[in-house]
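**Student:** Supplied in structure tokens, the structure appears directly below.
The values are calculated or read from the model by the stated rules, or taken from the named source; none is laboratory data. All of these numbers come straight from a predicted model, not from anything done at the bench. FYI the Cβ positions are ideal-geometry reconstructions off the backbone, even for glycines, and counts take in every protein chain you see. Please note that ligands, DNA and RNA were not included when accessible areas were found on the heavy atoms of the full protein model with its side chains. Shrake-Rupley method; radii C 1.70, N 1.55, O 1.52, S 1.80 Å.
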Amino acid sequence: MVTASKSSPPSVIILMNMTTKRSLAILFLTLALVAGSVALAHAPPPSQPPVIGTPIINPTSPAFGDAVTVSVNVTSARSTIKNVTITYTTDNWKATNTTIVATYNATTTTATGRIPAFAAGAHVEYYIIAFDNTGNSNLNDNSGGYFAYTVSPPTSLTSVSTLTYILVAAGIAAGIAAVAFMILKAPQRRSKQSKSSSTPDQNWTRGSP
């Protein structure tokens, strides 16, 4: 009489081991895919260009003879900034425009460029381009309207000249007044002197026998 063994056959054990390993492999693969998806969701795209902020100028109201310093914040999410350029014109982009390379401070992420001084009334327009070390670039031209300022007359010199004219006129008026006062006082002094000189003569005449 042959009795059946209660122990599992080797093929069943092997099949269970393979199923367990396959389940673990699928589980690890699923976890890896989830982690990768999360990382990709938070990572910036590889072609993201540099970000250029809104520039500020110093002085804020340029006058005749003032060179203008343009400062702007520039950052890159996936790389470092290679260079920043500022292009400006004074003839509304008709014939003349000039590009200068700004100085970039990686610590403060600030690019600084200097536009030379122009005559009073000049209208200066400019835009900014930034390049990173992965070959990406970006343009900030104020949505096509360009950043701009107009050079005003030298108000400080005008006020100084006006004050100078006022002081000179006041000095001349004071001098004329002093001369006139001296002229008016001269006859009075002479009359007093003549009266004082005649008084002793009269007294001597009265006292004589």
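**Student:** Take each of the peptides 111-118, 173-180, average the number of other beta-carbon atoms within 10 Å over its residues, and list them starting from the highest.
**Tutor:** On the way: 111-118: 18.0, 173-180: 10.0.
Result, highest mean Cβ count within 10 Å first: 111-118, 173-180.
**Student:** Binning every alpha carbon pair distance of the stretch 79-140 at 10 Å from zero, what are the percents per bin?
**Tutor:** P(r) over the stretch 79-140, rounded to whole percents: 21, 46, 24, 8, 0.
**Student:** Quickly work out the ALA173-to-ALA117 label distance, labels modelled 7 Å from Cα along the C-beta direction, and quote it in nm with one decimal.
**Tutor:** Label at ALA117, label at ALA173, 3.4 nm between them.
**Student:** I'd like the accessible area for SER143, computed on protein heavy atoms only with a 1.4 Å probe and all protein chains in place. Round to 10 Å², please.
**Tutor:** 120
**Student:** Shifting gears a bit: How large is ³J(HN,Hα) for each residue in the stretch 81-88, as worked out from phi by the Karplus curve 6.51 cos²θ - 1.76 cosθ + 1.60 (θ = phi - 60°), to whole Hz, x for Gly and Pro?
**Tutor:** Residue by residue, the stretch 81-88 yields 6, 8, 7, 10, 10, 10, 10, 9 Hz.
**Student:** Still on this structure, I have one more. Working out 0.36 nm times the residue gap between THR85 and SER143, then minus their Cα-Cα distance, what length gain in nm do you get to one decimal?
**Tutor:** Values: separation 58, 0.36 × 58 = 20.88 nm, distance 1.72 nm.
Stretched out fully, the THR85 to SER143 stretch lengthens by 19.2 nm.
**Student:** Gain in length, ASN97 to SER152, computed as 0.36 nm per residue apart minus the alpha-carbon separation, to one decimal in nm?
**Tutor:** Values: separation 55, 0.36 × 55 = 19.80 nm, distance 2.08 nm.
Going from the current span to full extension adds 17.7 nm.
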